[in-house]
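Accompanying notes for the structure given below.
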Amino acid sequence: MDKLLAARLHAVKVRPYLAAALFALHVVADRAVPTMAVDPYWRCYVSPGFVARTPVEELAGVWVHEVSHLLRDHHGRGERYAHQHGEHGPGERLRRNIAADFEINDDIYGDGLTLPSGAVLPSLLRLPDGLLMEEYLRTSSMSGLASAELAWLDCGSGADGHARPWELGPEGAHGLTRQQRDAVRFRVAEGIKGRPGSAPEGWRRWAEEAFHPPQPWRELLGAAVRSAASAPGVGENHSYRRPSRRSASLPRVVLPSLRRDPPRVCVVIDTSGSVSDAELGGALLEVAAIARAVGGRRDLVSVVSCDAAAGVAVPLCRAESLELVGGGGTDLRSGFAGAVRGARRPDVIVALTDGQTPWPSERPPCRVVVGLFPRVAGAVDEDDPDYVAEGPPPWARVVALG
């Protein structure tokens, strides 16, 4: 154990941006493990014999290699690849392990980190460096490597998603929860982005593209509504109930003061056939959240359901009792027109839509917040395969929902 932990300290010294991940691993000694392996719950299974015969510098490289499998989510990606291609046998498991090793080993060694003996590299099959595991699997069959001579190569279920007999499983001791695993990945990604000149290209790509911290979209939507409702000019009106302080400079003249009334919000909900029932239910929840964002004044919130034509702006009593009518095509221009057609113009319009709609050519006379349901980019019109919906206009504050 002393030798193994000394190797981890050496790995932290030469790769400080991986320190949070290396120290998060819990060591489990097991003679059934060929070398070192990991499971998706951040346990590191170690063969005592392998540690005894391996130099400390090479053990440090193995530490970094194993934790790289977990940071790059090779277990989840391996499971998805096996499910999509129906490859579940031991030979396919070994191919996924080799491809995952190719993705890791092409650029993590050097600069103080020794390449362990027996490590497989893309150059063994004359493959280029810098590819992902899935690209290596599609590029080569790896028949020259996936043989009996590499049967010892086993990095555990953390490398391919297939559980091993020696692993403790999700209910075992010392495993990390999903939230803890995400927190470790986030800290490592932030450390890599904070050291842009010291991390290899593969790690920089992982930190910038492969990992995205969860977006608190509900908080963002509430903040966008509150920001629009409190902007200068929103809800402001002149009133003679309290004279202006400037009246003292004008004898015999009563000047009105500028007062801020509570802002009015109109919610335009896309009820076209492209919006699912689950998303409409989520829209009702957002209506209730919007009412709380403006101080709980439900009398100041109205709702317009709109597909190709807009309904009547209905005052909000209870979000659960709203009747959303639609199911046809999508044209939110009529919804925006209906929102500003009432006796009192809203200060903020909130549109909840999937974005597959024409937008008003002119900016409405109030603030606009657009909440977008998630959609895959591309053509959405069966009659016109080349049709691609235009994005929200630049004058709208856009928040991605979900």
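The figures follow:
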read-out: Options Glu149, Glu190: the member that is among the charged types (D, E, K, R), under 25 Å from Val12 (Cβ atoms), at pLDDT below 90 and part of a helix (DSSP H, G or I); value: Glu190
read-out: Contacts under 9 angstrom Cβ, first residue in segment 108-135 being without any contact (Cβ under 8 Å) to a residue 12 or more places away in the chain and within 15 Å of Val64 (Cβ to Cβ), partner among the basic types (Lys, Arg) and outside any loop (DSSP other than H, G, I, E, B), 6 or more apart; value: none
read-out: Number of the exception - Glu57 against (1) part of a loop (DSSP other than H, G, I, E, B); (2) open to solvent by 40 Å² or more (accessible area, probe 1.4 Å); value: (1)
read-out: Extreme residue, surrounded by the most Cβ atoms within 10 Å (Cβ to Cβ), among residues of segment 150-202 that are of a type in the set (S, T, N, Q) and out of contact with any Pro (no Cβ under 9 Å at 6 or more places or on another chain); value: Gln180
read-out: Val46 being closer than 21 Å to Pro170 by Cβ, of a type in the set (A, V, I, L, M) and surrounded by 15 or more Cβ atoms within 10 Å (Cβ to Cβ); value: yes
read-out: Answer from His83, His75 - the residue that is surrounded by 19 or more Cβ atoms within 10 Å (Cβ to Cβ) and outside any loop (DSSP other than H, G, I, E, B); value: His75
read-out: Condition check for Ala24: touching a Gly at 6+ places or on another chain (Cβ under 8 Å) and either touching a residue at least 12 places away in the same chain (Cβ under 8 Å) or surrounded by fewer than 19 Cβ atoms within 10 Å (Cβ to Cβ) (or both); value: no
read-out: Number of the exception - Leu332 against (1) open to solvent by less than 30 Å² (accessible area, probe 1.4 Å); (2) over 18 Å from Leu280 (Cβ atoms); value: (2)
read-out: Residue satisfying all of: in segment 224-282; of a type in the set (A, V, I, L, M) and in a loop (DSSP other than H, G, I, E, B); modelled with the lowest pLDDT among these; value: Val234
read-out: Flag if Val14 is touching a residue at least 60 places away in the same chain (Cβ under 8 Å), over 23 Å from Pro165 (Cβ atoms) and β-branched (Val, Ile, Thr); value: yes
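This table checks each residue for (1) under 28 Å from the mean Cα position of the chain (by Cα); (2) among the polar types (S, T, N, Q).
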| site | (1), (2) |
| --- | --- |
| Glu103 | yes, no |
| Asp107 | yes, no |
| Thr114 | no, yes |
| Ser117 | no, yes |
| Leu124 | no, no |
| Leu127 | no, no |
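The values are calculated or read from the model by the stated rules, or taken from the named source; none is laboratory data. For clarity, every value in this text was computed on a predicted model and none was experimentally measured. No Cβ is skipped: glycine too gets one built from the backbone with ideal geometry, and neighbour counts run over all protein chains shown. Please note that ligands, DNA and RNA were not included when accessible areas were found on the heavy atoms of the full protein model with its side chains. Shrake-Rupley method; radii C 1.70, N 1.55, O 1.52, S 1.80 Å.
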